[in-house]
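Shown next, in structure tokens, is the structure this report addresses.
The values are calculated or read from the model by the stated rules, or taken from the named source; none is laboratory data. Just so it is clear, the model here is predicted, and its values are computed rather than measured. In this analysis, Cβ positions are derived from the backbone assuming ideal geometry, glycine residues included, and neighbour counts consider all displayed protein chains.
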């Protein structure tokens, strides 16, 4: 089969890879219908994470083509959505809603879903079948559920977004934009998107943002304070993963408020004494997307939400290298790869 | 009046200070019945925080001797308990339960309650009157409510302690020990106190600890994992404030679990990437003791809890220097000063 390989930072190749096979009785094989490039794929692409001839991709939707003997809840022919972490969904951590930290978790990124087929471990715990074959226009939204929507949703839940609350969103990538959508669905009264890109501002407003703040860093914090009677937002979503974005999020939050952070923290050191006196709640990490999949698939299926709008560039799998370039150069927010 | 002054690190003097007077119509003056030395007073005592001829002390119980014109809820003659932050208890932050970060907060440490009298700003929002004159044996417990009990209680609430949960407590000072008491009252199934001092272990067990772990750092973490099927505790309370204790707390917590931290963080830097993948909730800071005072006073009044047991040395105010020495040298867990 064809699949994406990152040989080194900046070097993307689409080449032949071995067809996946059932290795464990709990595995399924899926024929991928669509996959995409994640903001987190840019970390190794930019040399911030090590990479050496690695298969790439962890977002996926597709059709089950084979299952292991132990698989019970999905069958050959099902159209499925899965999370970027395979999880058994039965262990104590999964049952508490933290499937991305399942005691048997397998990162799908190590398997590489930017490919024609993928082996999905722990299929029963990982995959959720859609009610039927999706219409073509639903595919981007279902694919978004696999990571960026699920991650934005988790960030909003982690930030305890809810009715009557003012929410600020740091980061205008796909996750930040979909966190705006999640905040709107979760009933936030006011949603402040922090963005300086006109196209992303427009999408943020489309998803429910009530205010846009273009300032960053301390100026961004001052603006959020100004909009919230000097107190800071109740809920702040961090969807970048840098020192600046984390501090911007923490400082934009009122005492007793909540930061939900899902940007993969790189070279971030949180100053203890400032965090202490901030009096905020901090929660985040790799989103347990599986927790939210049934609900998100249902919302998409009923066309109540359209998270697929974050994809602003669609390319065939063979042109993945251009997809990476477009995201790296910020020419695209999120790139969908058709398979 | 007589009052404690710290001239420089390690230099405690009890000397004449000006009698406090009503400065604002919202002030009250109280005659202090008992005060104490806090673990946080040791930071400047040990030179870790700057200090220069400062009045000391922020814990207090006593009798109201004068009130400003605007004070409505306490009257002259009332026996009162207050928090270590004066707060209006009416602003949006107070109403959300974060009185220590009240928009008008005044740190009582700047006023110095290790003295015969103290001015209490925002008396209506800060002070809670007891149902009557307390019996002498209740004074230590009421004094504990002013900070260490309220702080330990907040830590347990911040760590989301509750029925069915396993709780670990890092730190065996007065706050850690009273966090054990709080965890027991809040219905924790299992309470692991981390302590290597026999007397403190005994008090922890008396307050409800079911297990004692003597190991620290990575060994302590391994022990907590061993006691929790490899997962970590649901709730971990951090009551020290060092890099080691914070990392011990974070690493002892299962994914999705909660750390409640109340040790004043000094020279602490939290590594972002480890925190991210831990998947924990982190909440803490200066405890909003005022939130819990009515409930804690009630529990003490009905003799359902006896947090005053943490005081293992009682001295007259004039011997405050010996009290500081005893706590610094760990000869005492908590020193009560009679006035």
State whether the residues of segment B:213-229 include one that is assigned by the TED database to the domain that holds residue B:260, touching a residue at least 60 places away in the same chain (Cβ under 8 Å) and within 18 Å of the chain's Cα centre (by Cα).
no
Residue among A:279, A:232, A:260, A:256 that alone is closer than 20 Å to residue A:40 by Cβ and outside the structural domain of residue A:35 (by the TED database)
A:260
So residue B:264 ticks every box in (1) at the interface with chain A (Cβ under 7 Å from one of its Cβ atoms); (2) over 13 Å from the mean Cα position of the chain (by Cα) but one. Which box is left unticked?
(2)
Name the residue, out of B:119, B:133, that is buried (at least 21 other Cβ atoms within 10 Å of the Cβ) and in contact with a strand residue (DSSP E or B) (Cβ under 9 Å, 6 or more places away or on another chain).
B:119
Being under 18 Å from residue B:325 (Cα atoms) and part of a loop (DSSP other than H, G, I, E, B): is that true of residue B:49 here?
yes
Looking at residue B:236, is it more than 8 Å from every other protein chain (Cβ to nearest Cβ), within 24 Å of the chain's Cα centre (by Cα) and on the phi < 0 side of the Ramachandran plot?
yes
In segment A:62-85, how many residues are assigned to a loop (DSSP other than H, G, I, E, B), touching a helix residue (DSSP H, G or I) at 6+ places or on another chain (Cβ under 6 Å) and either in contact (Cβ under 8 Å) with a residue 60 or more places away in the chain or buried (at least 17 other Cβ atoms within 10 Å of the Cβ) (or both)?
4
Residue, farthest from the chain's Cα centre (by Cα), within segment A:86-100, restricted to residues that are buried (at least 24 other Cβ atoms within 10 Å of the Cβ) and not in a loop (DSSP other than H, G, I, E, B):
A:93
Would you be able to say whether some residue in segment A:291-314 is away from chain B (no Cβ under 11 Å) and either closer than 24 Å to residue B:100 by Cβ or at pLDDT below 95 (or both)?
no
Does any residue of segment A:223-233 turn out to be part of a loop (DSSP other than H, G, I, E, B), touching a strand residue (DSSP E or B) at 6+ places or on another chain (Cβ under 6 Å), facing chain B (nearest Cβ under 8 Å) and within 26 Å of residue B:275 (Cβ to Cβ)?
yes
Looking at A:326, A:332, which one is away from every other protein chain (no Cβ under 14 Å) and crowded, with 21+ Cβ neighbours inside 10 Å?
A:332
